[in-house]
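Structure, as structure tokens:
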Amino acid sequence: MPEDTLPVHVNRGSLHELEVPDTFETDGSFDIAVVNHGQSVHVHLHLEDDLSEIATLETSNHFVDGESQRAVHVSVNGAGEATGTLKIASAYGAETRYVTVRVTEPEETQQTVEVGESLSEPQPREPDSGDGGAGLASVVDNPEFVILILSVLALVAATVVALVVDDVVVVAGALVVLVGVLVGIYIALTGD
């Protein structure tokens, strides 16, 4: 089973001692968890062989404070399987260990989606309000709105004629149209 973290223990039993597994398997990018059990130490990491062709370290030299831990990320960028060696050295080479790292293809997981039987039956269609023809039909179905639009048009026409002709009879006619429009709007809004 692939892992996500490679443990590296430093200074656990003695000064500069390294404890690492012999092999490590992963199916993608992973972290190296450097755990320092003693004094501060420098740890050097180096990817070799085919591993260096598909993976990269953020940096190779790391200072790890005493009694602390540090995570170093290894990015796997290539595709396919590869096996290589990770060289780990403490205190500028006082101790050196090698870990065989095997990068495998990620396991493909099949995801299934269950479809309910109700989806195989025809669904009722709701009217589409975004259609221009359907929008016009809804305006015609609402007579109050039609009356309001016609009233406003009549009022605009009467006002334009009164301003252009400038005669008392025409102004009186425009006032009659205005009163008629107001009465029509009142009736349309109250429904009486």
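Nothing in this text is a laboratory measurement; each read-out follows from the coordinates by a stated rule. What you see is a predicted model, and the numbers here were worked out from it, not measured in a lab. Backbone-built Cβ (ideal geometry, glycine too); neighbour counts: all protein chains shown.
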Diffusion constant of the stretch 9-66 at 25 °C, which comes from Stokes-Einstein with the Kirkwood Cα-pair radius and 0.890 mPa s, µm²/s: 191
Mean residue ellipticity (222 nm) of the chain, computed from DSSP H runs ≥ 4 via -39,500 (n - 2.57), nearest 500: -10000 deg cm²/dmol
Relative contact order (%) - the stretch 135-190, alpha-carbon pairs under 8 angstrom, separation at least six: 43
Gained length - Val156 relative to Thr85, 0.36 nm times residue gap less alpha-carbon distance: 16.7 nm
Rounded to 5, percent antiparallel among DSSP beta bridges of the chain: 75
Residue-span extension gain [Asp166 to Ser40] - 0.36 nm each, minus C-alpha spacing: 35.2 nm
For the chain: relative contact order, % (alpha-carbon pairs under 8 angstrom, 6 or more apart): 17
Cα-based Rg and Dmax for the stretch 135-190, where Dmax is the largest Cα-Cα distance (Å): 13.4, 42
Under 15 Å, Cβ to Cβ, from Lys87 - net charge with Lys/Arg +1 and Asp/Glu -1: -4
Cα-based Rg and Dmax for the stretch 1-42, where Dmax is the largest Cα-Cα distance (Å): 11.7, 34
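Would you mind telling me the antiparallel percentage of the DSSP bridges in the stretch 5-103, rounded to 5? Don't skip to the answer; put the middle values down first.
On the way: 31 of 41 bridges.
Roughly 75 percent of the DSSP beta bridges within the stretch 5-103 come out antiparallel.
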Percentage of interatomic Cα-Cα distances in the stretch 5-103 larger than 21 Å: 26
Radius ratio Rg over Rh of the chain, counting only Cα atoms, Kirkwood formula for Rh: 1.69
Degrees, to the nearest 10: 143-165 long Cα axis against longest axis of the chain: 60
Contour minus Cα-Cα distance for Glu121 and Glu144 (0.36 nm per residue): 4.3 nm
Where GluC sites (Glu not before Pro) fall in DSSP loop in the stretch 1-104, at most 13 other Cβ within 10 Å: Glu3, Glu58, Glu67, Glu81
